[in-house]
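Heads up: the structure comes next, in C-alpha cells.
Every read-out reported here was derived from the displayed coordinates using simple, explicitly stated rules and does not represent laboratory data. Please read all numbers here as calculations on a predicted model, not as lab measurements. Because the Cβ atoms are built from the backbone with ideal geometry, glycine has one as well, and the counts that use them run over all protein chains shown.
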Amino acid sequence: MWMKDKRRKDELDDEMLNRFSDELLRAFEASDAEINTAAASPFLYRRIRVRIEAEERRLAEQRGAWLTLLRGVKHAIPVMAMLAVVALASLMMMPALSHQRQPANGGNEEPPTLMSDVFSFSQDELIASAAGVEPGQPRQSGGTR
Amino acid sequence: MPAETDAEMSAKMLSEMTDDELVVAARSGDESAFARLFDRHRRLVSRLGYRFFPRRDQVEEIIQESFIKAYFALDDFQGGNEKSFVSWLARITVRTCYDELRRAQRRGESNIGDLTEEEAAYLHEGLRDLSASGNVEGAAISRDLANKLLARLRPDDRLILALLKLEELSIAEISNLTGWTRAKVKMRSHRAQQGLRRLLRKFL
C-alpha cells in the first residue's frame, strides 16, 4: 500500500517535472527579433568570406609545401637509384676480385697474428727450453759408464 | 523603361534560381551564388543556433562556422529534391552546435551552470509551489536560469532535448539530422529527459 502510494507520487512528480522541463526549455527559446538580429548582423557575410579566403590560402600553402616536398623527392629518386646500383655492382664485384687475388699469394699465406714473432717457437726450441739446454748444444747425460 | 544593368539582371537571375542551381554555380566559383544561398538560409541557421546558445556573439559564430563548413563541403552536396539543401545545411549546423557544446564542456564553461544561492532558493520555492498547485504553465523562469540549468546537462542530452522539444522534430528527423540510429535517438531522448528530471529533483 505504502509502495503503491510512493510509486503514484513518483509518477506525479515525473509528470510535473516533465512539464516543468518543457517550460524550462521554452524559457531558453529566443524571440524572432533576436533570431533576425543575429542573422542580419552587419558584415556577417564579409567575415565569412574573409575566413573562407584565409582557409583557402592555408590549404593552398599546405598543398604547396607538399608539392615542394614531392619535387625534392622526385630529384632525390634518381640519385638514390644510382647509389643503389653502384652499391649493388660493388657487392657483386667483391667475390670476383678476391678470387683474382688468391693465386698470386699462393693461397697458403696464414693470416697475420699479433706478436707472432714472440710466440712462434719450433718444436725443438720448446723441448730445449724445457730441458734447460741451448738449442744446438749436445745434451748432458748422466749416462752409464 | 530603363534598361537593366548587368548586376541587376544577374541578381534577378540568382533570386529565381533554385538552391540546387545555386550550389552548382557556387561550385564553379560564382561567389554571388554562395552569397545568395547565405541570404536565403541564414535565418534558419540563426534559429538553430539559438536553440543551444543564449548569446548573440555565440550564435553569430555558429552562423559563420556553419556556412564556412558548408562552403568547403559543397562538392559533397548531392541535391535532388526541393528541401534537400535546407536539410543538408541544418545537418551541418546541428553538428557545428554539438561540436561547440562539447568544446565548451571541455573548456569547463559548464561552470556557468553554478547557481547562486538566490537562484537555487527561487527554484526550490517555485518547484515546491508547483508541486502543490500543479500549475506549471505559470512558472516564471528567466532565460539566464534556464541556461544555467541546461548547461549542467551532457551535450548530447541537450542536443536531443532541444531538437525534440523546441524544434518539435520526430525521432526519424532527429536521426537524419544527427546521423545517429533511431534506436540510439530514442534511448538518448529517454535518458536526456530522465537527466533533466534528476537535475530538477535536486531542487525539490
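Does residue A:25 satisfy being in contact with a Phe, Trp or Tyr (Cβ under 9 Å, 6 or more places away or on another chain) and within 14 Å of chain B (Cβ to nearest Cβ)? Step through it out loud before you land on a result.
Working: in contact with a Phe, Trp or Tyr (Cβ under 9 Å, 6 or more places away or on another chain): no; within 14 Å of chain B (Cβ to nearest Cβ): yes.
Criteria not met by residue A:25.
So, of the residues in region B:141-193 that are of a type in the set (A, V, I, L, M) and not in a helix (DSSP H, G or I), which turns out to be farthest from residue A:30 (Cα to Cα)? Looking at the filtered set, the residue picked out is B:153. Does residue B:34 satisfy the criteria of being within 7 Å of another protein chain (Cβ to nearest Cβ) and over 13 Å from the mean Cα position of the chain (by Cα)? Considered against the rule, which asks whether it is within 7 Å of another protein chain (Cβ to nearest Cβ) and over 13 Å from the mean Cα position of the chain (by Cα), residue B:34 comes out as no.
Of the residues that make up region A:9-17, is at least one under 30 Å from residue B:56 (Cβ atoms) and without any contact (Cβ under 8 Å) to a residue 24 or more places away in the chain? No, region A:9-17 contains no residue that is under 30 Å from residue B:56 (Cβ atoms) and without any contact (Cβ under 8 Å) to a residue 24 or more places away in the chain. Hey, can you tell me all the residues within region B:40-90 that are facing chain A (nearest Cβ under 7 Å), over 13 Å from the mean Cα position of the chain (by Cα) and hydroxyl-bearing (Ser, Thr, Tyr)? Passing the criteria: only B:71.
Going by what's in this entry, would residue B:10 be described as within 14 Å of another protein chain (Cβ to nearest Cβ), out of contact with any Phe, Trp or Tyr (no Cβ under 6 Å at 6 or more places or on another chain), small (Gly, Ala, Ser) and not in a loop (DSSP other than H, G, I, E, B)? Spell out the reasoning first.
Numbers: within 14 Å of another protein chain (Cβ to nearest Cβ): no; out of contact with any Phe, Trp or Tyr (no Cβ under 6 Å at 6 or more places or on another chain): yes; small (Gly, Ala, Ser): yes; not in a loop (DSSP other than H, G, I, E, B): yes.
So residue B:10 fails the test.
Take the residues in region A:33-55 that are more than 9 Å from every other protein chain (Cβ to nearest Cβ) and assigned to a helix (DSSP H, G or I), then tell me which one is nearest to residue B:152 (Cα to Cα).
Quick first cut of region A:33-55, residues more than 9 Å from every other protein chain (Cβ to nearest Cβ) only: A:33, A:42-43, A:46, A:50, A:53-54.
Cutting the leftovers down to assigned to a helix (DSSP H, G or I) gives us A:33, A:46, A:50, A:53-54.
Working: A:33: 27, A:46: 35, A:50: 35, A:53: 37, A:54: 36 Å.
Here the answer is A:33.
Residues of region B:51-69 that are part of a helix (DSSP H, G or I), surrounded by 23 or more Cβ atoms within 10 Å (Cβ to Cβ) and of a type outside the set (Val, Ile, Thr): B:66, B:67. Give the residues of region B:13-35 that are farther than 19 Å from residue B:87 by Cβ and part of a helix (DSSP H, G or I), sorted by residue number. The answer is B:13, B:14, B:15, B:16, B:25, B:31, B:32, B:33, B:35.
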